[in-house]
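Please read the structure below before turning to the comments.
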């Protein structure tokens, strides 16, 4: 059966994916019984053909990191899907009961932020909408995106089990999240607390520490006269209610002042009675070593006030505007008010001096609005107790990290973990029982491995948990991976996965991080449409070591399109020269033929070892070079005289040899380049051919 003269991916890929879906083999329960095949693809004599074989299949499970259902896939998603599909196809061919479960995430705050931008373009605001209306609109928006993302995922060639697809707002997932919350409550590991939190005034919600970005910036440090003290501050707008001046107990400069001493000072809006406080939290090297504290708007000040049982007073409201305590500045945005406040201090003779001040501030990770610390009632999870079993499991290597250095990184974070604020003042997400707040999306997605598998009683949970591999981006190791480990151990008593494979970022061709504002976001479907999905996939993998970033240059993908053409043309040559070939009948091979097949077997074993070690970047390169430079350039060329000669036995041996190498090479290439390998496989004249190459036995199995 001949192949067309050229490979046209646009006519092949949709057809092939439809073939895969129709076969049902994405579903591990529908995989045929395992057949033990020789590297030649022929069933060896005495092989067991029992229907019980399928029941003996060892499970292999990957859960797809649930994609945020608020937009389209980008190149980073393309890498995720490619790596996970490579693992899935490889393990399926190795005979495992392979489940790759797809899912999408409602993504809470992130999705609401995306939708708010759409509202802004329409001249609307979520603050002018009824919560129920906003929720309905975001749900419709999300479900539309969900369909789009599912179709894009198919375009990448993902062989995931769509019959098991999960959404983080599915009823059974929500039920699991509530059950975990109740368990935490019963075990006194979750509490409602009035504490200082990170507040985004733009989006009107609290954020966890992981949802803020530390940004270095240069401001002005203002030295202000506070009675007999000179204090330094970068935020004079917070100082209206200050009535405590704090110094270090060992600071000799202030030894004449005693703890609790009262002093009267002229301050921003007149005279105030101040109290001297001594506390070791003070940095004697900063400014003058004396500071007034604003417990409502600074974490360090809040801790001092809590220890010393001091009063707290709110100066800035939750919209970022000054309250009546600020006198004539009440109602003003703090940024606009600052220069006016400084001018008043100067007029009153309270401004001593100013100097440039470089420091680190927190900003919202989505809008980069300056975080305003605020005191607010929120739900917190006590993390130190949850972290202990996770630390123990990681130290004992119950979870292996790729690359290895992430083990040290995650352990350091877990050993220094702080309590987690899980309340969000947004509409979109899973509501906290009895409240208008919703759970932090990472609280629900942190339960993904067991929630998606139907904990505790489902057959899937009992079969496929713990999962084998969690493949995701290194940048969310704290956001997600650490929390999955902690919650998985807490709820199920078992680690949620055995291996964590962390890939790096996909950058643009100049090595810059992709962003919509920069206009350098690469849509993977643009490249797959232009060059074919196989070229895109293998182009992402060859040489791309775990944990490192990849600069995605279109020329790179174009180069692998040339390789796809090479695979097609070499295959076409072999098929064109199989006249008279009898499938299943092994001819007499020459010593040279046997040597070639021995080398092929060695290549397959080496590829298998690399695949088992998660070195897909090396395995793909090995198979690429073998096909192009050994098979196409050398072996095929060397066989042409035998194929065209009059010696029938030599010709038969040559045909057998070429077909053997071709089908083995296609199997080795299949996890990386599934579409073209399937299209060619369907044309091969094999005696025991399967419905699809994806259930063929891996060479060297």
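The values are calculated or read from the model by the stated rules, or taken from the named source; none is laboratory data. Predicted model, so just to flag it, every value in this text is computed and none were measured. Backbone-built Cβ (ideal geometry, glycine too); neighbour counts: all protein chains shown.
Does residue 330 count as touching a strand residue (DSSP E or B) at 6+ places or on another chain (Cβ under 6 Å), under 21 Å from residue 375 (Cβ atoms) and loosely packed, with under 15 Cβ neighbours inside 10 Å? Can you show your working first?
Numbers: touching a strand residue (DSSP E or B) at 6+ places or on another chain (Cβ under 6 Å): yes; under 21 Å from residue 375 (Cβ atoms): yes; loosely packed, with under 15 Cβ neighbours inside 10 Å: yes.
So residue 330 passes the test.
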Hey, residue 37 hits all of (1) at pLDDT 95 or above; (2) closer than 30 Å to residue 582 by Cα; (3) surrounded by 13 or more Cβ atoms within 10 Å (Cβ to Cβ) but one; which does it fall short on?
(1)
Please specify each residue of the range 108-141 satisfying the condition of being in contact with a helix residue (DSSP H, G or I) (Cβ under 9 Å, 6 or more places away or on another chain), touching a residue at least 12 places away in the same chain (Cβ under 8 Å) and surrounded by fewer than 23 Cβ atoms within 10 Å (Cβ to Cβ).
110, 114, 115, 116, 118, 126, 134, 137, 141
Taking the range 142-189 and keeping only residues that are surrounded by fewer than 20 Cβ atoms within 10 Å (Cβ to Cβ) and in a strand (DSSP E or B), one is left with 167
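In the range 196-220, what count of residues is obtained for those that are assigned to a strand (DSSP E or B) and within 29 Å of residue 125 (Cα to Cα)? Before the answer, list the steps.
Of the residues in the range 196-220, the ones assigned to a strand (DSSP E or B) are 196-200, 205-207, 212-220.
Remaining after also requiring within 29 Å of residue 125 (Cα to Cα): 196-200, 205-207, 212-215.
Count: 12.
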Considering only the range 429-492, give the helices (runs of 4 or more DSSP H) lying wholly within it that have at least 3 residues that are within 23 Å of residue 161 (Cα to Cα) and without any contact (Cβ under 8 Å) to a residue 40 or more places away in the chain.
459-464
Regarding residue 95, is this residue at pLDDT 50 or above, surrounded by 21 or more Cβ atoms within 10 Å (Cβ to Cβ) and either over 29 Å from the mean Cα position of the chain (by Cα) or on the phi > 0 side of the Ramachandran plot (or both)?
yes
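State yes or no: is residue 85 surrounded by fewer than 19 Cβ atoms within 10 Å (Cβ to Cβ) and either modelled with pLDDT under 95 or not in a loop (DSSP other than H, G, I, E, B) (or both)?
no
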Kindly provide the set of residues from the range 455-465 that are surrounded by fewer than 18 Cβ atoms within 10 Å (Cβ to Cβ) and in contact with a strand residue (DSSP E or B) (Cβ under 7 Å, 6 or more places away or on another chain), ordered by number.
463
In contact (Cβ under 8 Å) with a residue 40 or more places away in the chain, surrounded by 14 or more Cβ atoms within 10 Å (Cβ to Cβ) and in contact with a helix residue (DSSP H, G or I) (Cβ under 7 Å, 6 or more places away or on another chain): is that true of residue 525 in this structure?
yes
Flagged in the range 269-288 as closer than 28 Å to residue 328 by Cβ and either part of a strand (DSSP E or B) or at pLDDT 95 or above (or both), in numbering order, are 270, 271, 272, 273, 274, 275
Residue under evaluation residue 498, criteria (1) crowded, with 22+ Cβ neighbours inside 10 Å; (2) within 21 Å of residue 85 (Cβ to Cβ), criterion not met:
(1)
